[in-house]
Amino acid sequence: MGVLFFMTKMYGILFFSVLVIIGLVGCGTNEKPLEEAKLTEAEAEQTKEENTFARWTSEEVFDAFLQADVELGSTYEMTPEDFGMTPMVSKQAHRILIPSLGEEPGGRLFIFDNQQDLDLTKSYYDDLGTSSALLFSWTIVRDNVLLQINGNMPEEQMLIYEQALYEMEK
(Lines give C-alpha, C1' and ligand atoms only; values in the text may rest on other atoms or scores of the structure.)
Protein backbone atom coordinates (compact mmCIF):
# COMPACT_ATOMS: atom_id res chain seq x y z
CA MET A 1 0.00 0.00 0.00
CA GLY A 2 2.90 2.38 0.67
CA VAL A 3 4.21 1.91 -2.86
CA LEU A 4 0.76 2.54 -4.34
CA PHE A 5 0.36 5.66 -2.24
CA PHE A 6 3.83 6.89 -3.31
CA MET A 7 3.07 6.22 -7.03
CA THR A 8 -0.27 8.02 -6.82
CA LYS A 9 1.39 11.01 -5.19
CA MET A 10 4.13 11.05 -7.91
CA TYR A 11 1.54 10.92 -10.69
CA GLY A 12 -0.37 13.73 -8.97
CA ILE A 13 2.76 15.90 -8.80
CA LEU A 14 3.60 15.09 -12.42
CA PHE A 15 0.04 15.88 -13.53
CA PHE A 16 0.09 19.15 -11.56
CA SER A 17 3.48 20.09 -13.10
CA VAL A 18 2.18 19.46 -16.61
CA LEU A 19 -0.86 21.66 -15.90
CA VAL A 20 1.40 24.46 -14.60
CA ILE A 21 3.62 24.26 -17.70
CA ILE A 22 0.62 24.30 -20.02
CA GLY A 23 -0.78 27.26 -18.12
CA LEU A 24 2.48 29.20 -18.37
CA VAL A 25 2.82 28.51 -22.08
CA GLY A 26 -0.80 29.54 -22.61
CA CYS A 27 -0.19 32.80 -20.77
CA GLY A 28 2.69 33.67 -23.08
CA THR A 29 2.40 36.81 -25.16
CA ASN A 30 1.93 37.06 -28.89
CA GLU A 31 3.39 40.56 -28.94
CA LYS A 32 6.31 41.04 -31.28
CA PRO A 33 9.54 42.48 -29.98
CA LEU A 34 9.86 46.24 -30.45
CA GLU A 35 12.40 45.93 -33.29
CA GLU A 36 10.17 43.49 -35.15
CA ALA A 37 7.17 45.81 -34.71
CA LYS A 38 9.18 48.74 -36.09
CA LEU A 39 10.24 46.63 -39.05
CA THR A 40 6.63 45.78 -39.73
CA GLU A 41 5.70 49.49 -39.62
CA ALA A 42 8.55 50.28 -42.02
CA GLU A 43 7.40 47.51 -44.37
CA ALA A 44 3.85 48.87 -44.25
CA GLU A 45 5.12 52.37 -45.07
CA GLN A 46 7.17 51.02 -48.00
CA THR A 47 4.15 49.10 -49.31
CA LYS A 48 2.07 52.28 -49.06
CA GLU A 49 4.78 54.20 -50.95
CA GLU A 50 4.95 51.49 -53.63
CA ASN A 51 1.18 51.58 -54.11
CA THR A 52 1.13 55.36 -54.56
CA PHE A 53 4.38 55.51 -56.56
CA ALA A 54 3.57 52.84 -59.16
CA ARG A 55 1.50 54.98 -61.50
CA TRP A 56 2.34 53.79 -65.04
CA THR A 57 2.89 50.40 -66.67
CA SER A 58 5.12 49.61 -69.62
CA GLU A 59 2.02 48.89 -71.71
CA GLU A 60 0.73 52.43 -71.08
CA VAL A 61 4.09 53.90 -72.07
CA PHE A 62 4.23 51.86 -75.29
CA ASP A 63 0.65 52.92 -76.09
CA ALA A 64 1.65 56.56 -75.61
CA PHE A 65 4.62 56.07 -77.96
CA LEU A 66 2.35 54.51 -80.60
CA GLN A 67 -0.17 57.35 -80.27
CA ALA A 68 2.63 59.91 -80.61
CA ASP A 69 3.94 58.01 -83.66
CA VAL A 70 7.51 57.87 -82.33
CA GLU A 71 9.91 55.45 -83.97
CA LEU A 72 9.62 52.14 -82.19
CA GLY A 73 11.07 48.88 -83.45
CA SER A 74 10.67 45.62 -81.62
CA THR A 75 10.45 45.50 -77.84
CA TYR A 76 10.94 42.62 -75.47
CA GLU A 77 11.11 41.95 -71.75
CA MET A 78 14.68 42.19 -70.50
CA THR A 79 16.54 39.11 -69.32
CA PRO A 80 19.36 39.13 -66.75
CA GLU A 81 21.84 39.23 -69.65
CA ASP A 82 20.14 42.39 -70.98
CA PHE A 83 20.66 44.11 -67.64
CA GLY A 84 24.42 43.55 -67.69
CA MET A 85 25.80 45.72 -64.88
CA THR A 86 22.55 47.69 -64.51
CA PRO A 87 20.88 47.18 -61.11
CA MET A 88 18.03 44.66 -61.43
CA VAL A 89 15.62 46.55 -59.17
CA SER A 90 12.79 47.50 -61.53
CA LYS A 91 9.29 46.07 -61.49
CA GLN A 92 9.22 45.84 -65.30
CA ALA A 93 12.03 46.25 -67.82
CA HIS A 94 11.93 46.19 -71.63
CA ARG A 95 14.53 46.57 -74.35
CA ILE A 96 13.47 48.92 -77.13
CA LEU A 97 15.07 48.68 -80.55
CA ILE A 98 15.06 51.87 -82.62
CA PRO A 99 15.77 51.08 -86.29
CA SER A 100 17.23 54.49 -87.19
CA LEU A 101 20.01 53.91 -84.63
CA GLY A 102 21.05 50.56 -86.15
CA GLU A 103 20.26 46.91 -85.57
CA GLU A 104 21.06 46.73 -81.86
CA PRO A 105 20.92 50.27 -80.41
CA GLY A 106 17.80 51.64 -78.88
CA GLY A 107 16.99 51.97 -75.24
CA ARG A 108 15.42 50.51 -72.17
CA LEU A 109 12.13 51.18 -70.47
CA PHE A 110 12.03 50.64 -66.70
CA ILE A 111 8.97 50.73 -64.44
CA PHE A 112 9.63 51.05 -60.70
CA ASP A 113 7.83 50.45 -57.41
CA ASN A 114 9.74 53.13 -55.50
CA GLN A 115 11.79 56.27 -55.94
CA GLN A 116 15.01 54.82 -54.47
CA ASP A 117 15.27 52.09 -57.11
CA LEU A 118 14.49 54.54 -59.90
CA ASP A 119 17.17 56.96 -58.63
CA LEU A 120 19.70 54.12 -58.36
CA THR A 121 19.15 53.02 -61.96
CA LYS A 122 19.10 56.57 -63.35
CA SER A 123 22.34 57.34 -61.51
CA TYR A 124 23.92 54.24 -63.00
CA TYR A 125 23.26 55.43 -66.57
CA ASP A 126 24.08 59.09 -65.81
CA ASP A 127 27.37 58.11 -64.15
CA LEU A 128 28.32 55.99 -67.16
CA GLY A 129 27.81 59.01 -69.38
CA THR A 130 29.98 61.25 -67.24
CA SER A 131 32.75 58.64 -67.06
CA SER A 132 33.02 58.44 -70.86
CA ALA A 133 31.34 60.19 -73.78
CA LEU A 134 31.18 56.80 -75.51
CA LEU A 135 28.83 55.57 -72.77
CA PHE A 136 26.51 58.60 -72.76
CA SER A 137 22.77 57.92 -72.94
CA TRP A 138 19.64 60.00 -72.54
CA THR A 139 17.62 59.36 -69.37
CA ILE A 140 14.06 60.63 -69.11
CA VAL A 141 11.95 60.25 -65.95
CA ARG A 142 8.25 60.65 -65.40
CA ASP A 143 6.80 59.45 -62.12
CA ASN A 144 7.75 55.74 -61.85
CA VAL A 145 9.07 55.50 -65.43
CA LEU A 146 12.70 55.68 -66.55
CA LEU A 147 13.40 55.72 -70.26
CA GLN A 148 17.06 55.25 -71.21
CA ILE A 149 17.93 55.91 -74.86
CA ASN A 150 21.23 55.45 -76.71
CA GLY A 151 23.22 58.71 -76.69
CA ASN A 152 23.74 58.52 -80.46
CA MET A 153 20.12 59.60 -80.91
CA PRO A 154 19.97 63.29 -81.82
CA GLU A 155 18.56 65.48 -79.05
CA GLU A 156 15.66 66.62 -81.24
CA GLN A 157 14.56 63.02 -81.73
CA MET A 158 14.96 62.25 -78.00
CA LEU A 159 12.72 65.21 -77.17
CA ILE A 160 9.89 63.55 -79.15
CA TYR A 161 10.09 60.52 -76.82
CA GLU A 162 10.20 62.81 -73.81
CA GLN A 163 7.13 64.72 -75.03
CA ALA A 164 5.22 61.47 -75.61
CA LEU A 165 6.09 60.35 -72.10
CA TYR A 166 4.91 63.61 -70.56
CA GLU A 167 1.67 63.68 -72.54
CA MET A 168 0.50 60.29 -71.23
CA GLU A 169 -2.88 60.41 -69.53
CA LYS A 170 -4.77 57.93 -67.41
Only residues that are open to solvent by less than 20 Å² (accessible area, probe 1.4 Å), assigned to a loop (DSSP other than H, G, I, E, B) and within 24 Å of PHE83 (Cα to Cα): list them for the range 152-170, please. MET153
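Taking into account only those residues within the range 104-128 that are surrounded by fewer than 20 Cβ atoms within 10 Å (Cβ to Cβ) and in contact with a Leu (Cβ under 8 Å, 6 or more places away or on another chain), which is modelled with the lowest pLDDT?
Let us first name the residues in the range 104-128 that are surrounded by fewer than 20 Cβ atoms within 10 Å (Cβ to Cβ), namely 104-105, 113-116, 119-120, 122-124, 126-128.
Keeping just the survivors that are in contact with a Leu (Cβ under 8 Å, 6 or more places away or on another chain) gives 104-105, 122, 128.
Details: GLU104: 80, PRO105: 84, LYS122: 96, LEU128: 94.
Ranking the qualifying residues of the range 104-128, first place goes to GLU104.
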Given (1) in contact with a helix residue (DSSP H, G or I) (Cβ under 7 Å, 6 or more places away or on another chain); (2) surrounded by 15 or more Cβ atoms within 10 Å (Cβ to Cβ), identify the lone condition not met by LEU135. (2)
Any residue that is hydroxyl-bearing (Ser, Thr, Tyr) and either at pLDDT below 60 or open to solvent by 100 Å² or more (accessible area, probe 1.4 Å) (or both) - is there at least one of those in the range 23-37? yes
For ARG95, all conditions in the list (1) over 15 Å from the mean Cα position of the chain (by Cα); (2) exposed (fewer than 14 other Cβ atoms within 10 Å of the Cβ) hold save one; what is the number of the exception? (2)
Of everything in the range 110-147, what is aliphatic (A, V, I, L, M) and more than 14 Å from the chain's Cα centre (by Cα)? Give them in sequence order. LEU128, ALA133, LEU134, LEU135, ILE140, VAL141, LEU147
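The values are calculated or read from the model by the stated rules, or taken from the named source; none is laboratory data. Here the structure is a predicted model, which means the values were calculated and not measured. Please note: Cβ atoms are built from the backbone with ideal geometry, for glycine as well, and neighbour counts cover all protein chains shown. When the accessible area is computed, the model is the full protein with side chains, heavy atoms only, and any ligands, DNA or RNA have been set aside. Shrake-Rupley method; radii C 1.70, N 1.55, O 1.52, S 1.80 Å.
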